[in-house]
Structures are given as C-alpha cells and as structure tokens.
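*Asks:* Attaching a single structure in structure tokens format; questions to follow.
Derivation of every value follows stated rules applied to the coordinates shown; laboratory data play no part. Since this is a predicted model, take the numbers as computed values, not measurements. Here Cβ is always computed from backbone atoms with ideal geometry, including for glycine, and neighbour counts include all displayed protein chains.
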Amino acid sequence: MRAKTLFIIAFTALVTVFLVINTDAVEFNFIFTTAEVSKLVVIGVCTFIGFVLGYFVAKPRTTVTTYDDRFDADDSKKDHLSEEDRKYIS
C-alpha cells in the first residue's frame with residue numbers, strides 16, 4: 001500500500017474513535033436559533049464537509065495533452081515552407 005492510503009486509513013480510524021468518544025449533547029447556536037445537538041453530529045458533518053472540499057480542491061484539472069487533431073485536419077498547409085527555408089533547416 002502507498003503511504004497516502006495508509007494515512008487516509010489511519011486518519012479515518014482516528015476520526016471514528018474521536019466521534020464515538022464525543023457523543024454528549026451540546027447547545028449549538030445557529031444563525032437564528034439555538035438547538036441541542038450531539039457533538040457526534042457536529043464533528044461528523046464538519047469532517048464530511050472538509051473531505052468534500054478537500055476532494056474538490058485537490059482533484060486533478062482536465063488538461064489538453066495534445067493538439068494533434070487541430071493540426072491533422074489542416075493537412076493542406078503543411079507544405080508552406082519555401083525551398084530556401086527547407087535548405088536552411090536541413
């Protein structure tokens with residue numbers, strides 16, 4: 001296994017243990033109201049949101065790896081070098 005995979009497994013296990021330990025109800029202030037919510041729910045939701053945001057920030061961007069199809073469609077312009085240019089290149 002790669003180090004990244006082992007780190008994710010260990011981190012998930014630690015978060016799970018942390019969630020199970022903190023099951024007390026706490027007073028949580030929302031914008032307009034206050035409610036008694038379990039620490040488990042608050043920490044779990046925050047952790048989930050963190051994972052989702054981390055995924056979207058770290059996911060690979062789509063990149064164009066080749067432009068060959070743009071140039072292959074325009075085969076008629078491939079012979080645009082003059083004879084002097086060809087001699088210079090060779």
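*Asks:* For every other residue with a beta carbon closer than 14 angstrom to the beta carbon of A10, add +1 if it is Lys or Arg and -1 if Asp or Glu, then tell me the sum.
*Replies:* Result for the neighbourhood of A10: +2.
*Asks:* Give a residue-ordered list of calculated ³J(HN,Hα) values for segment 20-27 (Karplus: 6.51 cos²θ - 1.76 cosθ + 1.60, θ = phi - 60°; whole Hz; x for Gly, Pro).
*Replies:* For segment 20-27, the Karplus-derived couplings read 5, 5, 9, 9, 5, 7, 10, 7 Hz, x marking Gly and Pro.
*Asks:* Report the calculated FRET efficiency for F28 and T62 (r = Cβ-Cβ distance, R0 = 41 Å), to the nearest 0.05.
*Replies:* Once the sixth-power term is evaluated, E becomes 0.55.
*Asks:* Pull up all non-local amide H partners of F28: gap of 5 or more, or a different chain, and H-to-H distance under 5 Å with H placed in the peptide plane.
*Replies:* Those lying under 5 Å, H to H, from F28 are A35, E36, V37.
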